[in-house]
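J.: One structure is given below, represented as structure tokens, and several questions about it will come after.
The values are calculated or read from the model by the stated rules, or taken from the named source; none is laboratory data. In this text the structure is predicted, and so the values were computed from the model without any measurement. Glycine also receives a Cβ, built like all others from the backbone with ideal geometry; neighbour counts cover every protein chain displayed.
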Amino acid sequence: MKPDRKKKQHSSRESRQPERKTKRGSGGDQRMAQDVEPSAGSEITPVWLFVLMGLMLYGGMLYLNSYAGGFNPKVYEAFTSYKLVENANPKSGPEMLIAKGESLYMVCAACHQVNGMGVALQFPPLAGSEWVNEPNPARLIRIPLHGMNGPIKVKDQDWNASMAALGAALSSEDIAAILSYIRQAWGNNAPPVSPADVDAVKEDTKSRPMDGSRPWLIDDLMKVPVAP
Ligand code: HEC
């Protein structure tokens, strides 16, 4: 501290000095030279500072929005959502089948829609359908294998159209994958279908062609036993 500062200080800046800086309370004249510091006045906070703070807050929110993984504690950096973490995990048999079924489902989505809701008066829904959720899939497997035709009731609504056979175009594993997927999508809740289940149905229906020339009618379908 330069000694000449002292002279400036003790005459006029007394009121701005913090209390602890003075040797004896309010006695400004008794200040020690080394206690005296340049005093600071107040200034109006510049507007740009608020703008900067706002921008930083906004930037922070943007960052959290894209990288916080929905604040899921299981999501760490490099992953931005739980879905990505899940996809990077090894999958069990049925999970792999369902993941495959989700992409193959596009074949059916042309009519039954991606959300499984179907189209009014044209394509019945798969979401919540009693046919899809039947615990024993023996009837369900037959529908995509050979197609179906004529009246059918789905969720208390009558439909009367026709669905093409897809058994010739899709392998047993593909059909098992799609059916496993639709049985747990959109709130549906039924056990997965295995490729062996599909093969067993193919064996039981050997005489029925898979080219769509003999689609299922509801009466035939109801004759198929589904007791567990
Ligand atoms: C070209 C359109 C079309 C495609 C593609 C299609 N369906 Fe269908 N599906 C229909 C129609 C129409 C019906 C109703 C048939 C009737 O009225 O007899 C139906 C009925 C059904 C039913 C029984 C009723 C219900 O809603 O639960 C199931 C199950 C089904 N389809 C599953 C599938 C699956 C699985 C696929 C894909 C592998 C598929 N469909 C592809 C048109 C289609």
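J.: Output the residue which, of all residues in the range 114-125 that are part of a loop (DSSP other than H, G, I, E, B) and either within 19 Å of LEU170 (Cβ to Cβ) or β-branched (Val, Ile, Thr) (or both), is nearest to the ligand (Cβ to nearest atom).
T.: GLY116
J.: Right, next: Identify, by number, the condition in (1) surrounded by 12 or more Cβ atoms within 10 Å (Cβ to Cβ); (2) small (Gly, Ala, Ser); (3) over 21 Å from PRO215 (Cα atoms) that ALA78 doesn't meet.
T.: Every listed condition holds for ALA78 apart from (1).
J.: Give the range 126-136 a look and list any residue that's of a type in the set (Asp, Glu) and either within 9 Å of the ligand (Cβ to nearest atom) or not assigned by TED's automatic domain parsing to the domain that holds ASP158 (or both), or say none.
T.: Scanning the range 126-136 gives a single hit, GLU130.
J.: Right, here's the next one. Of all helices (runs of 4 or more DSSP H) completely enclosed by the range 126-182, which ones contain at least 1 residues that are small (Gly, Ala, Ser)?
T.: Once the helices (runs of 4 or more DSSP H) in the range 126-182 are filtered for at least 1 residues that are small (Gly, Ala, Ser), what remains is 138-146, 172-182.
J.: Answer yes or no as to whether SER180 is among the hydroxyl-bearing types (Ser, Thr, Tyr) and surrounded by fewer than 16 Cβ atoms within 10 Å (Cβ to Cβ).
T.: No; evaluated as a whole, the condition is false for this residue.
J.: Hey, among the residues in the range 154-168 that are more than 9 Å from the ligand (Cβ to nearest atom) and not acidic (Asp, Glu), which one's surrounded by the most Cβ atoms within 10 Å (Cβ to Cβ)?
T.: GLY167
J.: Follow-up. Could you tell me whether the range 166-189 includes any residue that is of a type in the set (Lys, Arg) and free of Cβ contacts under 8 Å to residues at least 24 places away in the same chain?
T.: Scanning the range 166-189, I find no residue that is of a type in the set (Lys, Arg) and free of Cβ contacts under 8 Å to residues at least 24 places away in the same chain, so the answer is no.
J.: Using the structure shown, decide if LEU140 is touching a His at 6+ places or on another chain (Cβ under 9 Å), in contact (Cβ under 8 Å) with a residue 40 or more places away in the chain and near the ligand (Cβ under 9 Å from one of its atoms).
T.: In short, no.
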